[in-house]
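Quick notes on the structure that follows.
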Amino acid sequence: MIQKDRYHRSNLYDDAPMYFMQRITWSGLALHQGVVPNHPASHGCVRLPEAFAKQLWSVTKLGARVIIARGDNAPVTISHPRLFAPKPTSAPMVSQLESVAAAQQAWTFAELASKAPLMGATLTDTPAFGVPAPAPDVAKPSARPLKAGPVSVFISRKEGKLFVRKGFEPLFDVAVKIENPEMPLGTHVFTAIGQNADNTMRWTVVSMMRGAANAAEALDRITIPQAAHDQISELMSTGASLIISDEGLGRETGKGTDFIVLTR
């Protein structure tokens with residue numbers, strides 16, 4: 001959800017009242033109070049009875065994930081080793097080889113975040129032991145403060161990539177490996193709802209499979225580069241989300257939005 005307006009009026013449809021408006025896209029799709037005639041009667045918005053629209057307005061916040069689907073798609077709990085967990089605050093000592101490899105991965109990741117050329121390096125490159133990695137020919141990108149709010153991750157089978165946003169701003173994207181990429185994954189929305197004592201997260205998932213893989217099978221088929229996985233883990237907190245979909249980034253995904261995925 002990207003905007004709320006208690007007394008909103010449409011700037012597209014003859015100043016029509018859309019009270020308790022909660023915007024989903026900048027092109028005009030929203031939840032709002034309206035007449036519900038039990039048949040299609042909207043340009044794409046979701047009309048809500050007055051009492052429910054008022055109640056929903058009082059409990060939602062900007063950034064809330066909205067899923068619009070046919071049928072009863074309720075969240076269920078899920079546990080899987082490939083779901084993200086917060087990175088431990090203290091790390092064990094590593095060998096010189098591991099330290100050099102980690103340093104190169106961190107630099108490669110910074111280049112990804114800045115959209116700078118990778119200079120032929122990949123996230124899986126490992127320098128020879130005792131030989132320092134060559135300095136890139138580009139200036140080191142300056143760090144920018146991250147926006148508040150939970151991290152959002154989107155993995156697209158269509159694009160073969162992983163995208164990360166935080167506070168409605170893009171952070172980076174990177175290619176991922178998808179086993180049997182010709183086979184559908186479905187669309188699955190995972191949400192971190194809390195943290196366990198063992199540093200793992202409690203997750204739920206809403207799946208819109210339509211004959212594709214279930215949520216656990218979809219996770220099994222995706223391999224994320226270690227450097228990207230580590231960076232996401234550092235940002236992990238309650239409220240974080242992961243979307244896996246056969247679709248690409250929806251055309252509504254843009255400045256000031258979270259990931260908006262159209263499945264039809």
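The values are calculated or read from the model by the stated rules, or taken from the named source; none is laboratory data. Keep in mind it's a predicted model, so treat the numbers as computed, not measured. Cβ atoms come from the backbone with ideal geometry, glycine included; neighbour counts cover every protein chain shown.
Things to note:
- Scan of the stretch 233-246 for residues that are touching a strand residue (DSSP E or B) at 6+ places or on another chain (Cβ under 6 Å), within 26 Å of residue 197 (Cα to Cα) and outside any loop (DSSP other than H, G, I, E, B), ordered by number: 235, 241, 242, 243
- Of all residues in the stretch 26-43, those that are of a type outside the set (A, V, I, L, M, F, W, C), surrounded by 12 or more Cβ atoms within 10 Å (Cβ to Cβ) and in a loop (DSSP other than H, G, I, E, B) total 4.
- For the stretch 176-206, the set of residues classified as outside any loop (DSSP other than H, G, I, E, B), surrounded by 15 or more Cβ atoms within 10 Å (Cβ to Cβ) and not hydroxyl-bearing (Ser, Thr, Tyr) consists of 178, 188, 189, 190, 192, 195, 201, 202, 203, 205, 206, listed by residue number.
- In this structure, residue 140 qualifies as surrounded by 12 or more Cβ atoms within 10 Å (Cβ to Cβ), modelled with pLDDT under 85 and over 20 Å from the mean Cα position of the chain (by Cα).
- Residue check, residue 57 surrounded by 11 or more Cβ atoms within 10 Å (Cβ to Cβ), in contact (Cβ under 8 Å) with a residue 40 or more places away in the chain, part of a helix (DSSP H, G or I) and hydrophobic (A, V, I, L, M, F, W, C): yes
- Inclusion of residue 162 among residues that are in contact with a helix residue (DSSP H, G or I) (Cβ under 8 Å, 6 or more places away or on another chain) and assigned to a loop (DSSP other than H, G, I, E, B) is not warranted.
- Considering (1) part of a loop (DSSP other than H, G, I, E, B); (2) surrounded by fewer than 17 Cβ atoms within 10 Å (Cβ to Cβ), the lone condition that residue 249 does not fulfil carries the number (2).
- Restricting attention to the stretch 1-23, the residues that are at negative phi and either modelled with pLDDT of 80 or more or part of a strand (DSSP E or B) (or both) total 14.
- Residue check: residue 244 meets all listed conditions (1) among the β-branched types (Val, Ile, Thr); (2) surrounded by fewer than 19 Cβ atoms within 10 Å (Cβ to Cβ); (3) under 26 Å from residue 64 (Cβ atoms) but one, namely (2).
- Qualifying position, being under 14 Å from the mean Cα position of the chain (by Cα) and modelled with pLDDT under 95, among 191, 257, 200: 257
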